[in-house]
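Since the structure comes first, as structure tokens, the remarks are kept for the end.
The values are calculated or read from the model by the stated rules, or taken from the named source; none is laboratory data. Only a predicted model underlies this, so the values are computations on that prediction, with no experimental measurement involved. A quick note on method: Cβ atoms are made from the backbone with ideal geometry, for glycine too, and the neighbour counts reach across all protein chains shown.
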Amino acid sequence: MIRVNDIVVSFGIGGGQEHTVLKKLSLVVERGQTVSIIGSNGAGKSTLLNAVAGTVPVRAGKIFLDNADVTAMPEWQRALYVGRVRQDPLAGTAGDMTVLDNLALAARKGPRRFRLATPPKFAREMEGKVAQLGMGLEQRLKENVSRLSGGQRQALTLLMAVLSRPSVLLLDEHTAALDPANAEMVGGLTRKFIAEFELTALIVTHDMKRALEQANRVVMMHEGEIIADLLGAEKEKMDVAGLVRLFKRARGAEYAEDRDLLS
Amino acid sequence: MIEGILVEGLIYSILALGVFVSFRVLDFPDLTVEGSFPAGAAAGAMVASALNLSPNHFAKALAVPAGMLAGFFAGGVAGFATAAVYHRLKVPALLAGIVTMTGFYSINLRILGGKPNLPLIVNNPMLNLARTFTGGLLPPDLSLLVACALVVLLIFGVLVLFFHTEIGIAMGALGDNENAVIQAGIQPGNLRTWGIMLANALPGLSGAMAAAYQGFADVNLGQGVVAAGLATVMLGELVVRSQFISVQLLRVILGSIIFRALMYAARSWGYIAGITPNDLRLLTALLIIASVAVSRYGRKRR
């Protein structure tokens, strides 16, 4: 469960160039819910994810994950609750280490011990997990991650993000840097893992169609605020054209050309 | 001559393993080594000399090993200082290392009792130790070589094991992608601190052995050791390519022996080309440049 209470996030504090990105934003995501977050560039979608993950500090407000107040926790501590995939396929993995070593790093959250990281039993277990990706990576566990393609690397990052069964999954345009076929594949894996691990997920995307398909709730943001929150029957009957209409109405007619940006 | 090169190569390979841990594993360009190496030499010399004067035969026999342990810890303390400056003050790694290295010059002088150098004892203590080790079955030079090889083998084995543990894997990932470590719920600062301590404890141990080997500790022993260590690491990388940590560690040791052989050659036969011992630093610098250039060229070709 994610509970965001009236958070304010500003950049450039004290520099005279202060810019408030999130303005007293609140959002409650129930356990097991998948929420797509849409909106134009600069709406504060990624900042919201960064605030939940602890990458950026909040100026005011509180953030709860699984009913624990994590507002003051540093990012590494919050990672105990959070699995995360960013847009950049290089961001989540250590390229100069093997697939198996990367999985060993992600398999368990928290402090490490003086204990063999990848015993044969662990390797066998991971073979099964990696086979789920359907990319033949189970044959390449001892290869360095830097030798994988962008799509393979992002699929691995996704597996690493869910492997320790975090309660919250944050995906920030994680298919945007991939070609259509790979984006489709990683999108499919995302749905599969969310269902399998019963995750609570926040997914930032620019792809309206996927936003509707992958989630049971769609949140639209504009200039640091939530301007639409579609759930249940309301979400079910929504289509891409409806979303664009909704978006235009909220922003006013002056941004009519944003249709290109959104679809 | 060949024994001398091998013994020096082995002793200084422990220094280079420390440089490998900071520069390659942690991706932390650490200059502290210029302070931790002589700190290890000074602490090692003090402890070994004190125990050597003891009438107790047991204490006497343990003089050099105890000195090596003292050197290991002294180096670790220097590493901790650098890590603390780096993390608390958020200064660049290079500056943190320079601060510690500068401060440790004075600390090392204090360890040495205010004198710039300290002779260990009349006899070569390392040699005596090595002789007791091999039970006098081998000639002295060979005993020394065997003793050094055993120490290096032990350190090599422990490091290989370490880098296959959870902590070792996390340390490797830290130098590669800090974000991946944070996502695993690990405090990156603490992990890096342990890594920097290890990366200086090894040079400290190396310093203690070097002092025991040459029979004295000198406060200026640290000058140029970072460059020498780096040249060693790069030479190894030039000779052997591998993604396996065990091979990467082994090639550091190999690189160290090659580096010492090159330096020996320059000292012994350099006069033919007009090279004097004063030119050794220049040679080291050129060696680093050549190693980088060759590996760049080789990578392009692949």
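Quick look at the numbers
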{"read-out": "Failed criterion for residue A:151 (all others in (1) more than 23 Å from residue A:197 (Cα to Cα); (2) assigned to a helix (DSSP H, G or I) hold)", "value": "(1)"}
{"read-out": "Candidate set: the range B:237-251, residues that are away from chain A (no Cβ under 14 Å) and more than 15 Å from the chain's Cα centre (by Cα); chosen: the one surrounded by the fewest Cβ atoms within 10 Å (Cβ to Cβ)", "value": "B:239"}
{"read-out": "Subset tally (residues that are surrounded by fewer than 20 Cβ atoms within 10 Å (Cβ to Cβ) and either within 30 Å of residue A:144 (Cα to Cα) or free of Cβ contacts under 8 Å to residues at least 40 places away in the same chain (or both)) for the range B:217-236", "value": "1"}
{"read-out": "Sole residue being modelled with pLDDT of 95 or more, surrounded by 20 or more Cβ atoms within 10 Å (Cβ to Cβ) and either farther than 13 Å from residue B:182 by Cα or within 8 Å of another protein chain (Cβ to nearest Cβ) (or both), chosen from A:101, A:69", "value": "A:101"}
{"read-out": "Selected residue (criterion: nearest to the other protein chains (Cβ to nearest Cβ)) from residues of the range A:113-131 that are of a type in the set (Gly, Ala, Ser) and loosely packed, with under 14 Cβ neighbours inside 10 Å", "value": "A:128"}
{"read-out": "Looking only at the range A:78-90, and only at residues there that are outside any loop (DSSP other than H, G, I, E, B) and more than 7 Å from every other protein chain (Cβ to nearest Cβ), the one that is farthest from the chain's Cα centre (by Cα)", "value": "A:78"}
{"read-out": "Residue count, the range A:141-153 (criterion: more than 7 Å from every other protein chain (Cβ to nearest Cβ), surrounded by fewer than 22 Cβ atoms within 10 Å (Cβ to Cβ) and under 27 Å from residue B:191 (Cβ atoms))", "value": "6"}
{"read-out": "Residue that is surrounded by the fewest Cβ atoms within 10 Å (Cβ to Cβ) [pool: residues in the range B:170-193 that are more than 7 Å from chain A (Cβ to nearest Cβ) and among the small types (Gly, Ala, Ser)]", "value": "B:189"}
{"read-out": "Top-ranked residue of the range A:154-169 - restricted to ones that are among the small types (Gly, Ala, Ser) and part of a loop (DSSP other than H, G, I, E, B), ranked as nearest to the other protein chains (Cβ to nearest Cβ)", "value": "A:164"}
{"read-out": "Hits in the range B:138-169 (condition: among the charged types (D, E, K, R) and either within 21 Å of residue B:193 (Cβ to Cβ) or within 14 Å of another protein chain (Cβ to nearest Cβ) (or both))", "value": "B:166"}
{"read-out": "Residue in the range A:232-246 that is at pLDDT below 90 and under 20 Å from residue A:159 (Cβ atoms) present", "value": "no"}
{"read-out": "3 or more residues within 15 Å of the chain's Cα centre (by Cα): qualifying helices (runs of 4 or more DSSP H) within the range B:145-223", "value": "B:188-214"}
{"read-out": "All positions within the range A:1-47 that are in a loop (DSSP other than H, G, I, E, B), more than 15 Å from residue A:223 (Cα to Cα) and of a type in the set (S, T, N, Q)", "value": "A:17, A:33"}
{"read-out": "Residue A:93 vs. criteria more than 8 Å from chain B (Cβ to nearest Cβ), at pLDDT 95 or above and part of a loop (DSSP other than H, G, I, E, B)", "value": "no"}
{"read-out": "Restricting the range B:1-43 to residues that are under 21 Å from residue B:140 (Cβ atoms) and small (Gly, Ala, Ser), the residue that is farthest from the chain's Cα centre (by Cα)", "value": "B:4"}
{"read-out": "Residue that is away from every other protein chain (no Cβ under 13 Å), assigned to a loop (DSSP other than H, G, I, E, B), surrounded by fewer than 16 Cβ atoms within 10 Å (Cβ to Cβ) and not β-branched (Val, Ile, Thr), where the choices are A:110, A:134", "value": "A:134"}
{"read-out": "Search result, residues across the range A:2-60 that are touching a residue at least 24 places away in the same chain (Cβ under 8 Å), surrounded by fewer than 16 Cβ atoms within 10 Å (Cβ to Cβ) and at positive phi", "value": "A:6, A:24, A:32, A:42"}
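Every residue, every condition in (1) within 19 Å of residue A:203 (Cβ to Cβ); (2) free of Cβ contacts under 8 Å to residues at least 60 places away in the same chain, yes or no:
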| position | (1), (2) |
| --- | --- |
| A:78 | yes, yes |
| A:89 | yes, no |
| A:96 | no, yes |
| A:112 | no, yes |
| A:129 | no, yes |
| A:137 | no, yes |
| A:141 | no, yes |
| A:147 | no, yes |
